[in-house]
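Asks: Pasting a structure here, questions to come.
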Amino acid sequence: MAVHSKHPASAPPAPPVREKTGHLMMRGWCIFVLFMSLSGTAWIHAFGETTAAAIVIGGGLLTVALWFRIRPPFEWRRLPWFVVAYVAWATLSLLWSAWPQTTALTLLLLWITAVQALFIGSALTWHELVRAAASALKWVIGLSLVFEVWVSVFIGGPLLPGFVIPDEPAEDPIVYWSRNNLFDFEGRIQGIMGNANLLGPVALLAIIVFSIRLASGAPRRFLLWTWIGVAAFLFVRAGSATAYVAAAGVAIVLTTVLLMRRTKRPGERTRYYVAYAAVGVGGLFALWALRDAIFGALGRTADLTGREAIWDAVLARAAERPWVGWGFATPWAPWEPAFDGWIIDHGQTVLQAHNMWVDVRMQLGIIGVVLLALLYLAFVWRAWFFAVDRPRWDLRADRPYSALTLLPTLIGAIVLVQGLAESSPLLVWGWLFVVMLGAKIKQSPHVGVGPAEQSAAIERGELTKRDP
């Protein structure tokens, strides 16, 4: 006769562990922060500069409070030190700034974005970070499409910031939040950002993140394919020449990484590095030599729609203070007398140098350019080997690659190409993603390994200590 033992060998059955409400709320906050940075100027167009500034500052204070409350695992000795050096030099520029009020205000934005980036990188695992970025991008892409449909169907004409319907056509369509071009397939659409040159790179980023989610085996694959289609539609309709060149750069980098992953013998990567360098240098030379034909085919002038004139004016001012610059100002404040009416394009005051290197050259001098170059060199270096090296921290050398490791190096390709014609990589999502991913790689150099990756319990919301 069978007898039930009073000392079973296995644990009694229990329901599966669920994520705690606090962890879910924290992850939701990270998605909102990513959405704020990715949507950029949409907040200013919708609510005005004062309200947008209050939201940004309030969000920064809340993140600091959450950091002290949650205290996610973080190794302070593994900070991205070139980021710290660049931010410190920008802060020091208060001492000699020609526009101290603008420097103080834009420094606050720089500090808040950096703190937000470090918090997200330390509070989320690699899987959670990519999932949060995908969620934020869905909101940006979805709202951009809904916004353009709403303007075309219910407004039936252009729309100014603040949801103002113009009484008469503007002298230049650059002032419109939406130009009502959704059903005019020869026109460019601008999304909630009100700028096609901002929408294009974000749509490209969305395609990358959604594709990585697909390659990682994420559920609801049909919906992900649908989101990729919507992002591709916005990417094409934005008609951003910079985004098209960035997409070509992403394709080259992705192809090279996948080829590097196929190598099996030491030294086999050398030929790919040589070919990669040859393609890169040859591509840049061809782009410069054939710029008239290339940009003409994209509907742009060879000087990138007047950017060369802007660069000449900015570099002329930078030459007056070559080493330390005039003081940090990213972006340029439109109310600052030094910028108001200084450079006019399409009847509007220009608020950036349209090249992040030229912009930093004027603001922080040669020293600032060197620090920024070191920052991006460190980021690209770590992101590259994070993508091409097989995960290994012991004698085992056959661990599979993860699609998640492609994200940093592909984002590096976007921001570096975008930085040649725009200053936006110095702020909002460009700055946040570089700091966030750079810090994340240093903290957790392998997916599943590192302070925030020590146990699956972190993803379930359980508080764990790092293994000794």
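Asks: Quick one: how many residues across the stretch 160-197 are hydrophobic (A, V, I, L, M, F, W, C) and either assigned to a loop (DSSP other than H, G, I, E, B) or over 18 Å from Q348 (Cβ atoms) (or both)?
Replies: 9
Asks: Inside the stretch 65-80, can you point out the residues that are of a type outside the set (K, R), surrounded by 14 or more Cβ atoms within 10 Å (Cβ to Cβ) and assigned to a helix (DSSP H, G or I)?
Replies: Within the stretch 65-80, L66, W67, I70 qualify.
Asks: Sort out which residues of the stretch 334-374 are more than 17 Å from V87 (Cα to Cα) and either within 22 Å of the chain's Cα centre (by Cα) or at pLDDT 95 or above (or both), and write them in order of number.
Replies: L351, Q352, A353, H354, N355, V358
Asks: Next up: When the residues of the stretch 406-421 are narrowed to those that are farther than 16 Å from A206 by Cα and in contact with a helix residue (DSSP H, G or I) (Cβ under 6 Å, 6 or more places away or on another chain), which ends up surrounded by the most Cβ atoms within 10 Å (Cβ to Cβ)?
Replies: Looking at residues that are farther than 16 Å from A206 by Cα and in contact with a helix residue (DSSP H, G or I) (Cβ under 6 Å, 6 or more places away or on another chain), I get G419.
Asks: I've got another one for you. Test of understanding: among L124, L159, L137, which residue is farther than 30 Å from A318 by Cβ, crowded, with 20+ Cβ neighbours inside 10 Å and without any contact (Cβ under 8 Å) to a residue 40 or more places away in the chain?
Replies: On inspection, the qualifying residue turns out to be L159.
Asks: With the structure loaded, tell me whether A231 is in contact with a Phe, Trp or Tyr (Cβ under 8 Å, 6 or more places away or on another chain) and crowded, with 16+ Cβ neighbours inside 10 Å or whether it fails that test.
Replies: Taking the combined requirement at face value, the residue satisfies it.
Asks: Looking at (1) crowded, with 23+ Cβ neighbours inside 10 Å; (2) not in a helix (DSSP H, G or I), which one does G200 not meet, given that it meets all the others?
Replies: (2)
The values are calculated or read from the model by the stated rules, or taken from the named source; none is laboratory data. All values reported here derive from a predicted model rather than from experimental measurement. All Cβ positions, glycine included, derive from the backbone under ideal geometry; neighbour counts span all protein chains shown.
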